[in-house]
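Read through the structure below, which is laid out as structure tokens, and then see the notes.
Just so you know, all these numbers are worked out from the coordinates, no wet-lab data involved. Please read all numbers here as calculations on a predicted model, not as lab measurements. Here the Cβ positions follow ideal geometry from the backbone for every residue, glycine too, while neighbour counts run over all protein chains shown.
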Amino acid sequence: MGKIILITGASTGIGAETAVELAKGNTIIIHYNASEKPAQETAKKVEEKGGKAALVQADLRTEAGCRKVVDFVAKNYGKLDVLVNNAGGLIQRMKVGEIQWERMAEIFALNSFSAILMTSLSVPLLEKGENPCVVNLTSIAIRHGAPTATVYAASKGAVDVFTRGAAKELAPKIRVNAVAPGVIETPFHDKVSNPQMLQSWRENTPLKKNGQAHHIATAIKFLIENDFVTGETIDVNGGLYMR
Ligand SMILES: NC(=O)c1ccc[n+]([C@@H]2O[C@H](COP(=O)([O-])OP(=O)(O)OC[C@H]3O[C@@H](n4cnc5c(N)ncnc54)[C@H](OP(=O)(O)O)[C@@H]3O)[C@@H](O)[C@H]2O)c1
């Protein structure tokens, strides 16, 4: 029987690619916020790959938005096999000496609070799932200093810590893992990185390229399929950071 898979932020980039990667034989619940048309395109691609697609809109910077998405899953499916907490973004670059409370709150709401609350609300549904798991998206930024992206890095660091705690607490039934992408060429960078930055990351990466969304989608698939991995964060970054 196919899996019920919820992917947050599946309208573009890594989430959209993951939806297509996981589509075959499964039901993919495509969450989006502002990008309705791209979300509909993701749904079309999922169906072309032999999956079933459903769309749900919500702003995950709010508790109400998180509850709306989980209520949609509960009402329509009554269970969940996989939750991919992918929605996120850098929002705005700022220096450590120029941090504004409102922006910091927004960055943490989008990247940390949403992933944490979505996981919490999904527990009863995941308990009814088969080989159920959560995959969180963190970032290479959690591994080393990320000047002008320090607040974002800290918000992803919170998710990294949450991943291990939740993995221990929710074992043995529910696995919780994370992927920490390096620089991936998606709409993520449209407003917060310029072509010179993308080129310098390319040059500084041992594999001499930035990543594409499929590099992360395949790592997410591995974490969903392998039922002996929990509490792990997989780095997928072309060697830009090695532990
Ligand atoms: N690309 C990279 O280099 C990179 C590196 C490290 C980590 N990551 C992480 O990977 C994840 C996916 O990013 P991406 O590269 O695929 O970027 P992306 O193409 O910009 O996708 C971001 C997704 O998050 C959703 N989102 C943004 N604001 C939202 C809000 N307020 N409420 C609900 N959803 C919202 C977007 O939905 P709408 O467009 O529909 O609003 C979109 O589907 C993020 O968590 C990001 O932090 C990316």
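So here's what we get for this one:
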{"quantity": "The stretch 143-149 - phi-based ³J(HN,Hα) in whole Hz, Karplus 6.51/-1.76/1.60, Gly and Pro as x", "calculated": "8, 8, x, 10, x, 6, 10"}
{"quantity": "Approximate shape of the stretch 4-236 as ellipsoid semi-axes (Cα gyration tensor, √5λ), whole Å, largest first", "calculated": "26, 19, 18"}
{"quantity": "Long-range amide H partners of ILE234 with built H, under 5 Å", "calculated": "ALA178, VAL179, ALA180"}
{"quantity": "Calculated from backbone phi, Karplus (6.51, -1.76, 1.60) coupling profile of the stretch 208-222 in Hz, x at Gly/Pro", "calculated": "6, 7, 8, x, 10, 4, 5, 5, 8, 4, 6, 5, 4, 4, 4"}
{"quantity": "Dipole magnitude of the chain about its Cα centre (Cβ charges: Lys, Arg +1; Asp, Glu -1), debye to nearest 20", "calculated": "120 debye"}
{"quantity": "Distance between the stretch 151-201 and the stretch 75-147 - C-alpha centres, whole angstrom", "calculated": "8 Å"}
{"quantity": "Which of GLN40, THR148, PRO195, positive extreme of dipole for the chain (C-beta unit charges)", "calculated": "PRO195"}
{"quantity": "Label-to-label distance, nm, for residues given as HIS214 and ARG67 (7 Å Cα→Cβ offset)", "calculated": "4.2 nm"}
{"quantity": "Top positive-direction residue, dipole computed over the chain with Cβ charges, set ALA53, PRO206, GLY231", "calculated": "PRO206"}
{"quantity": "Gain upon complete extension [ASP227, ARG202; 0.36 nm per residue less C-alpha separation]", "calculated": "5.6 nm"}
{"quantity": "Backbone HN-Hα couplings from phi across the stretch 17-22 [Karplus 6.51/-1.76/1.60, Hz, Gly and Pro as x]", "calculated": "5, 5, 4, 6, 4, 9"}
{"quantity": "Computed over the chain: relative contact order in percent, which uses C-alpha pairs under 8 Å that are six or more apart", "calculated": "19 percent"}
{"quantity": "Taking TYR32, TYR241 and counting other C-beta atoms within 10 Å, the order from fewest to most", "calculated": "TYR241, TYR32"}
{"quantity": "LYS75 versus GLU36: modelled label distance in nm, points set 7 Å from Cα along the beta carbon direction", "calculated": "1.7 nm"}
{"quantity": "Distance-filtered residues of the stretch 1-15 - backbone nitrogen under 17 Å, label point 7 angstrom along GLU47 Cα→Cβ", "calculated": "11"}
{"quantity": "Only Lys, Arg (+1) and Asp, Glu (-1) charged, at Cβ; the stretch 131-243 dipole about Cα centre in debye", "calculated": "100 debye"}
{"quantity": "Long pairs among LYS3/LYS79; LYS128/LYS173; LYS24/LYS44; LYS45/LYS128; LYS3/LYS173, criterion Cα-Cα beyond 18 Å", "calculated": "LYS45/LYS128"}
